[in-house]
Amino acid sequence: MLEGGCLCGRVRYQVDSLDDDVSHCHCSMCRKAHGAAFGTYAAVKPGGFRWLQGETLVKEYASTPQVTRTFGGHCGTTLQFIVEGETRKIDVALGTLDGDPGIRPRYHIFTDSKAPWFEITDNLLQYKTRP
């Protein structure tokens, strides 16, 4: 099990395990949500996410009709990327985990909209959209 939380510590969560499908997303929404060149997310296995404290402080933002992003309501930390559909999929912002998740990013997505000031210099696969 892994634990994580927001910057101010008021919101805490636990995940049973993460999928090894980790990506750096360069879309403009992830860049703005993270205030960085990209956001890094890992999928939580179904039913494996639990709030430990501060769930009532979590704010939601529907960034598209299918996607809800969650944030710490006090400090603004990006926490989740939730895709609604036949099967609800929850990704956690990897930077909010307390320790080493034991998995590493495998690729970059939405590289066509990456920040013009950021140069991708690693050897990970790059996709113009979502693979």
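Could you name the lysines whose alpha carbon sits less than 16 Å from that of Lys128, not counting residues in the same chain fewer than 8 places away?
Cα-Cα hits under 16 Å: Lys114.
If we count every other residue with Cβ under 15 angstrom of Met29's Cβ, Lys/Arg +1 and Asp/Glu -1, where does the sum land?
On the way: positive: Arg31, Lys32, Arg69, Lys114, Arg130; negative: Glu60, Asp91, Asp112.
Here the charged neighbours net out to +2.
Setting aside same-chain residues fewer than 8 positions from Lys89, which lysines have a Cα under 21 Å from its Cα?
Here the lysines satisfying the reach criterion relative to Lys89 are Lys45, Lys59.
May I ask you to evaluate 6.51 cos²θ - 1.76 cosθ + 1.60, the Karplus curve with θ = phi - 60°, for each residue of region 54-71 and list the ³J(HN,Hα) values in order in whole Hz, giving x for glycine and proline?
With coefficients 6.51, -1.76 and 1.60, one gets x, 4, 6, 8, 6, 9, 10, 9, 7, 7, 9, x, 9, 10, 10, 10, 10, 9 Hz.
For region 54-131, just say rounded, prolate or oblate: build the C-alpha gyration tensor, square-root its eigenvalues into a ≥ b ≥ c, call rounded for a/c under 1.5, and beyond that prolate if a/b exceeds b/c, oblate if not.
Numbers: a/c = 1.76, a/b = 1.45, b/c = 1.21.
Because a/c hits 1.5 or more and a/b exceeds b/c, region 54-131 counts as prolate.
Rounded, prolate or oblate: which fits region 60-99, taking a ≥ b ≥ c as square roots of the Cα gyration tensor eigenvalues, rounded meaning a/c under 1.5, else prolate when a/b beats b/c?
Details: a/c = 3.44, a/b = 1.47, b/c = 2.34.
Note, shape of region 60-99 comes out oblate.
Along Cα→Cβ, 7 Å out, is where each label goes; now give me the distance between the ones at Leu57 and Ala36 in nm to one decimal.
2.0
Going by average Cβ density within 10 Å per residue, which order do the peptides 56-63, 22-29 take, highest to lowest?
Details: 56-63: 13.4, 22-29: 20.1.
Averaged packing, sorted descending, gives the order 22-29, 56-63.
Add +1 for every Lys or Arg and -1 for every Asp or Glu among the other residues with Cβ under 13 Å from the Cβ of Asn123, and state the total.
Values: positive: Arg104, Arg106; negative: Asp122.
With Lys, Arg at +1 and Asp, Glu at -1, the neighbours total +1.
Read the figures in this text as sums done on the coordinates, not as results from a lab. If you're wondering where the values come from, they're calculated on a predicted model, not measured in any experiment. So basically every Cβ, Gly included, is an ideal-geometry build from the backbone, and we count neighbours across all protein chains shown.
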